[in-house]
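Structure first, then comments.
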Amino acid sequence: MTQMYEGMFLLENQVVREDWKKAKSVVTDTLEKHGAKVISARRWDERKLAYPIRRHRRATYCLAFYEMGHEGIVTLRRDLELNESVLRYLILSREKLPEGEAELAAAEDAAGFTVPAPPSDDAPDSGGGFGRRREEGTEGDPEIAEVTDIPGEEGAESRTGGARGPRAEAVAPAMEE
């Protein structure tokens, strides 16, 4: 019996800089080796990592949807952990392919599509940071949007007990009056 899975694979940027199709085939070939039927695989985004992984500070995410039997997952995980191009991975069970995902993967496979080259490992990230989320209408994944503060995050007490955020500064003068 086969199950649909979603896999997010964090790929080393050196492989991506050489050739995106080669980097993507690292993921798809490994999946197919373990009996998976790849439904969709595409470049999700390139990001600065929160902490170095195997001395890498930036990496590219590959998002794949595939069907395979659950018995192949253990050996798939083992191969992914031994593969030096795959820094991290996350495998989730899915009920169905998300709406629009097949079209995004097909657009990437179309002639004339070019993947932007990843910046150097020391380049700053243009996205949001910790305590942020995305909303509709920004670049990258169409279901992810521009960066805004998470409700309830402003003025929250930190672990050391101090206040943080612009709201904490704006509230302080009002309390003095």
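Laboratory data are not the source of any read-out in this text; all were calculated from the coordinates shown. What you see is a predicted model; the values in this text were computed from it and never measured. Neighbour counts run over all protein chains shown; Cβ positions are idealised from the backbone, glycine included.
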Task: Residue list for the range 20-45, given a label point 7 angstrom along the Cα-to-Cβ vector of Asn83 and an amide N cut-off under 11 Å - done: 23-34
Task: Cα Rg, Dmax (largest Cα-Cα span) when computed across the range 43-119, Å - done: 14.8, 38
TODO: Scan the range 53-102 for trypsin sites (Lys or Arg not before Pro) in coil per DSSP, keeping those whose Cβ has at most 14 other Cβ atoms within 10 Å, and list them by number.
DONE: Arg54, Arg55, Lys96
